[in-house]
Structure formats: structure tokens, C-alpha cells
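See structure below.
The values are calculated or read from the model by the stated rules, or taken from the named source; none is laboratory data. Here the structure is a predicted model, which is why all the values come from computation and not from measurement. Neighbour counts run over all protein chains shown; Cβ positions are idealised from the backbone, glycine included. We work out accessible area using only protein heavy atoms, side chains counted, and drop any ligands, DNA or RNA first. Shrake-Rupley method; radii C 1.70, N 1.55, O 1.52, S 1.80 Å.
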Amino acid sequence: MRHARFTEAIRAFFQGRGYAEVDTPALSPHLIPEPAIEVFQTEYFPERGPARPMWLIPSPELWMKRLLAEGAGDIYQISKSFRNCDFGGPYHNPEFRLLEWYTVGAGYLDSVGVTEDLFSHLLARTAPSRPGEELSPPFLRMSMEEAFHLYADIDLARCQDPLSMKAEAQGKGILIQGSPTWEEAFHIVFLTLVEPRLPRQKPLVLFDYPALVPTTARRRPGTPWSERWELYVDGVEIANCYTEETEPGVLRSFVRHEEERRGRCRTAHASDPDFADLFPSGFPECSGAALGVDRLEMVFAGEKSLEGVILFPFSAILGGQSGRRVKGIT
């Protein structure tokens, strides 16, 4: 089965490099605060006492960082992850496979090399349905600052407040109503003008995201950028990577900021109260990357939709189909 061979090849790559495979909870009483992500909520009914709210994880990050804090070293896993109210279309499924790995002693640019090596390994070990040169390393690389200059004619380094970003957007013919945050205006411009025009002839690493977009990525000293990249293949975002922030004070500020925005979500989840306490001492310098396995398999298979690689896509389940055949399943 192609689906199984692809997963086995990913495992063989990380095991061959000395990463330990881990298996962390998919059901959790708390999550890292991410108000931009809608989650699935359920309840646990204990033998005694009131029901307790629980959430399906949108990524295994929280639990994997607990293992890193305990000295686990280089780790990876392929987990089922869940995101509610997803955007639909060919590249989204509410339940999906996520490959997440952490490399101790590495930074975000080191993880580009690991990802390129993973692609080379998969090209050699699987049977891609498209010419290998379209996927083979080296990847193209472009900073977010360069992308905004080329495709939106905006100097991102000089546009660091909400009013100027909104004005730039309106100057390009993009109507933004109300008083958006800088992050909201940035994403509107990016999704409208920049992302659709990114190069597609080879995989593209889009690096150095604005630090004004709050994440747990470390900030590049003396710059307005964070040590973060995303990988695009055929214009589809496949992976997201950080040099992980380990300063407790910075992480507490991140948690406070994100909790203030929880009202944006239909289902506001509980934040892990001990998250920042993982980092005061002993937490290793590391880089973490998350890669959508279904999307990666889709591009290797030459498919245009996740329905070409997922055995039971959500659209089929909601449509009352008991199952469906996937091209190349055998």
C-alpha cells in the first residue's frame, strides 16, 4: 500500500539519523494558546465529580516539549492532529497526520537541511508520480521581507504598525475595514498579494517571518524578524519551523498575549498553566518543525487534493460514504 510505504519511509529516515520516535496524547485537558486555531472540544466523565472539558490536540507540540524538558534528545512522531472549522478546499481535512520533530542544538536554518535530506530520502525510497527534479533539493529560499518587496511592493521593515500596514494594503486596492491589528492586516496582504505569486518550480523556504506575528519562535537579535520558516510546494504550505524560544519571560508574555485574544475562537480552550515553567533551566536549545504528512504525500503523488491520498476524507464521511478507493492505494 502506497500510503503505508510513504509513512514507513519517513520513519526510516528519522530512525536512521538517531531520532527517537515518541507517542504523546491526542486528548488533553489543556493546550498551548493559539486563538487562530479552532479546536475540537469534548468531555471526560470521571467516576466522581463534575465532567471535565478536554480537547483534541491541533499538534503534539505541548507534550513533545515536556519530553524535551526531561532530556529526551532528538525526537519525532507522526500523530493524528485535529483542527475544527478548517478552511475546506482541496488542502484541508479536520483530522490529519502531522510529522513533528525536534533537533537539539540546532537552529531553524539547520532544519532546512534536515528537510531537504528528508525529501531526498523519500525520492529514493518511494515512487513519486512526478519528475523528481521538481521536488529535489536544494530548495529555493526567500525571506518574507524580499517576498513583500517583490510581490506587494511593500517595505516590510518600515511597515511595523497597524495604520501603516492598513494604508499599504489600501494603496494596493485591498479594502480592510475597521481597525485591524498589524497581524490581521499583514495576513490579508500576504494571502492576497504575496502567497499566490510565490515561485512554484521548486520547493520554496520562506524564512524570517515578522516578529509581530506572535509565535514561540525566537527573535533574530537586532531585527524585526523571528527565526521561522515555512515550506511551500506548488504554492501549498507544507511545513512550519522555528528556532524554539526558551526564555521563560518571553514565553509568559506570549501566553498572556494569546489568552487575551481567546475570544476570537468559537471554542476557547484552556491553556497549560505550567507551559512557561518547562523552560527556566535545563531546556535544550533546539529547532522544531511540523510537516503535514497528507499534504506531502499529495504532492509526491501528483494529486491536486488530499482526497487523492486520505483513505477516508472528511467530505466522504459527511456524505454518508462508508469508504472510498484512493488512486495508488496498492
Completion exercise
Scanning region 134-188 for residues that are surrounded by fewer than 17 Cβ atoms within 10 Å (Cβ to Cβ) and touching a strand residue (DSSP E or B) at 6+ places or on another chain (Cβ under 7 Å), the one farthest from residue 121 (Cα to Cα) turns out to be 143
Handout entry: Scope region 43-55; condition within 20 Å of residue 80 (Cβ to Cβ) and open to solvent by less than 50 Å² (accessible area, probe 1.4 Å); matching residues
Key = 54, 55
Handout entry: region 185-216, subset outside any loop (DSSP other than H, G, I, E, B) and hydroxyl-bearing (Ser, Thr, Tyr), residue farthest from the chain's Cα centre (by Cα)
Key = 192
Exercise for the section: Using the structure shown, decide if residue 47 is acidic (Asp, Glu) and more than 22 Å from residue 251 (Cβ to Cβ). Expected result: yes
Practice task
Would you point out the residue of region 217-238, among those that are of a type in the set (Ser, Thr, Tyr) and in a strand (DSSP E or B), that is nearest to residue 199 (Cα to Cα)?
Solution key: 232
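Take the residues in region 222-241 that are small (Gly, Ala, Ser) and more than 14 Å from the chain's Cα centre (by Cα); name whichever of them is surrounded by the most Cβ atoms within 10 Å (Cβ to Cβ). Don't jump to the end; show me each part of the working.
Restricting attention to region 222-241, the residues satisfying the condition of being small (Gly, Ala, Ser) are 222, 226, 235, 239.
Now narrow it down to the ones that are more than 14 Å from the chain's Cα centre (by Cα): 222, 226, 235.
Details: 222: 6, 226: 25, 235: 13.
Only one residue fits best here, namely 226.
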Handout entry: Selection from region 277-291 of residues that are open to solvent by 10 Å² or more (accessible area, probe 1.4 Å), touching a residue at least 24 places away in the same chain (Cβ under 8 Å) and small (Gly, Ala, Ser)
Key = 282, 290
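Among what's in region 56-72 and is assigned to a helix (DSSP H, G or I) and of a type in the set (A, V, I, L, M), pick the residue that is most open to solvent (accessible area, probe 1.4 Å). Outline the logic, then answer.
Taking region 56-72 as the starting set, the residues that turn out to be assigned to a helix (DSSP H, G or I) are 61-69.
When the remaining residues are screened for being of a type in the set (A, V, I, L, M), the result is 62, 64, 67-69.
Numbers: 62: 9, 64: 0, 67: 51, 68: 3, 69: 36 Å².
It comes out as 67.
Output the residues belonging to region 93-127 that are in a loop (DSSP other than H, G, I, E, B) and surrounded by fewer than 16 Cβ atoms within 10 Å (Cβ to Cβ). Give the steps one after another, and end with the answer.
To start, the set of residues in region 93-127 that are in a loop (DSSP other than H, G, I, E, B) comprises 93-94, 105-107, 126-127.
Of everything in region 93-127, those that are in a loop (DSSP other than H, G, I, E, B) and surrounded by fewer than 16 Cβ atoms within 10 Å (Cβ to Cβ) turn out to be 105, 127.
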Completion exercise
Residue hits (region 73-91; in a loop (DSSP other than H, G, I, E, B) and surrounded by fewer than 18 Cβ atoms within 10 Å (Cβ to Cβ)) are 73, 85, 86, 87, 88, 89, 90
Problem - Pair list, Cβ < 8 Å and 6+ apart or interchain, from region 145-159 residues that are within 11 Å of residue 224 (Cβ to Cβ) to residues that are of a type in the set (Gly, Ala, Ser) - result: 145/157; 158/164
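State all residues of region 90-115 that are more than 22 Å from residue 57 (Cβ to Cβ) and touching a Ser or Thr at 6+ places or on another chain (Cβ under 7 Å); if no residue qualifies, say none.
90, 106, 107, 108, 110, 114
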Exercise for the section: Return a yes/no flag: does region 6-24 have any residue that is in a loop (DSSP other than H, G, I, E, B), touching a strand residue (DSSP E or B) at 6+ places or on another chain (Cβ under 8 Å) and over 27 Å from residue 251 (Cα atoms). Expected result: no
